[in-house]
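What follows is one structure encoded as structure tokens, with my remarks underneath.
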């Protein structure tokens, strides 16, 4: 396992990311004065998105406190064997020392560049290789970029930023447990690559566009999607969150859903699947306290309101993941309101008995101020804020970000949570 960890960490440290919040043409920023010791710490001074080579999404220009010119070019796509960023500079500037002082240790960065003015979190590290410059963007330590996979730069950036916004204690627990988030261009590079038998399963599963994606059969809620229709999942046996950039729309053969540029959707998915990862760190949804709270909440849901939360009535794992995601601040307003209003007792158990174990402490008042203002009140507050919650289509839109499959009949689905 150590070799796999090293490979993934290397891929993460050398991948550069592209933000989906670039200004239309140019964004202005100020230069940070270099530190007395160590590499200079600089900011992106201009973001150029027009009149640049077609392969680039943007040029990030950096003011170097001299008259030298240094630019980080962000490529549109990450493809196997190629990075997303490219250092662009004038060789004469470099050789005449007008850019960065060459470090005594080439493993250390020659400069650290803050790209927040371009809408990108984190920092780029500029390294002097001796014959030129290289730009690195260290990504989340739990992000796995497979060598075979290609994907849009915006998508990589969005997933990475979402991972970085998970509370640090939870991320640290994922890192210790070797819980990864795997991304790729499509289901071919993710689901079918991980489990070739899933392709056969999909090919042998008939498509009925008139059948609802979730329905009540013999008193239980059943998800009818195939693997190809899943926007994200968690594999407990492999301790891996899997989020392909594209997947197939339910009820179609080749309708493509693309999450590139869908920052809120990506964050919802990362946090929900991360909620499953949190659950499996210590089987939290099987704790008696959570079971009692969840069953109490279920008894309080009238039958004529079940359709609003049917996805979370299949099992305990789904509401645990969604509640955890909401309390960690990772869900949209509508999703947070829905899950916290219908499952208040389960939420209180997670808030007080689970999340503090990972250093995330949040009071009821903080939940009301920052996540859902009606927390602890009648669920009519949620329906007033988001009346569309009452529609089954709203649940399909929200719950379509994830999927839970270990209640399906096929034995191949016995160890998958989405």
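Each reported figure results from applying straightforward, stated rules to the coordinates on display, with no laboratory input. Given the structure is predicted, the values throughout are model-derived calculations rather than measurements. Don't worry about glycine lacking a Cβ; one is built from the backbone with ideal geometry, like all the others, and counts go over all protein chains shown.
For the reader, a short list of remarks on this structure follows.
- Cα-based helix-to-principal-axis angle, 2-14 vs the chain, degrees rounded to 10: 60
- Placing R0 at 45 angstrom, the Cβ-Cβ distance between residue 218 and residue 96 gives a FRET efficiency of 0.05 after rounding to 0.05.
- Reducing the range 169-188 and the range 73-101 to their Cα centroids gives an inter-centroid distance of 29 Å.
- Result for the chain in a Gaussian network model with C-alpha springs under 10 Å: among 169, 119, 219, the largest mean-square fluctuation is at 219.
- The angle separating the long axis of helix 153-164 from the principal Cα axis of greatest extent in the chain is about 70 degrees.
- Whole-Å distance, taken between Cα centres, linking the range 291-327 and the range 234-274: 22
- Between residue 353 and residue 66, the simple spin-label model (points 7 angstrom out along Cα→Cβ) gives 6.2 nm.
- Whether the range 258-311 is rounded, prolate or oblate, judged on the alpha carbon gyration tensor where a/c under 1.5 counts as rounded: oblate
- Equivalent-ellipsoid semi-axes of the range 228-323, from the Cα gyration tensor, Å, largest first: 27, 18, 11
- Potential lengthening between residue 365 and residue 283 on full extension [0.36 nm per residue; Cα-Cα distance subtracted]: 26.7 nm
- Summed over qualifying helices (DSSP H, 4 residues or more, each -39500 (n - 2.57)) and divided by its residue number, the chain shows a 222 nm mean residue ellipticity of -9000 deg cm²/dmol.
- As a rough guide to protection, the peptides 133-146, 358-371 ranked by mean Cβ packing within 10 Å, highest first, stand as 133-146, 358-371.
- FRET E, pair residue 210, residue 291, Förster distance 41 Å, beta-carbon r, rounded to 0.05: 0.65
- Residues of the range 148-184 falling in the label zone of residue 50, defined by backbone nitrogen less than 19 Å from a point 7 Å along Cα to beta-carbon, are absent.
- Counted residue by residue at 0.36 nm each, then reduced by the alpha carbon distance between them, the extension gain from residue 249 to residue 345 reaches 31.1 nm.
- Over the range 165-413, the pair-distance histogram of Cα-Cα distances with 5 Å bins from zero comes to 1, 6, 14, 19, 20, 18, 12, 8, 3, 0, 0 percent, rounded to whole numbers.
- Taking label positions 7 Å along the Cα-Cβ direction at both residue 393 and residue 165, the computed distance is 2.7 nm, reported to one decimal.
- Helix 288-299 and the longest principal axis of the C-alpha atoms of the chain enclose an angle of approximately 60°.
- Computed FRET value (nearest 0.05) for residue 378 with residue 147, which takes r as the C-beta separation and R₀ as 60 Å: 0.70
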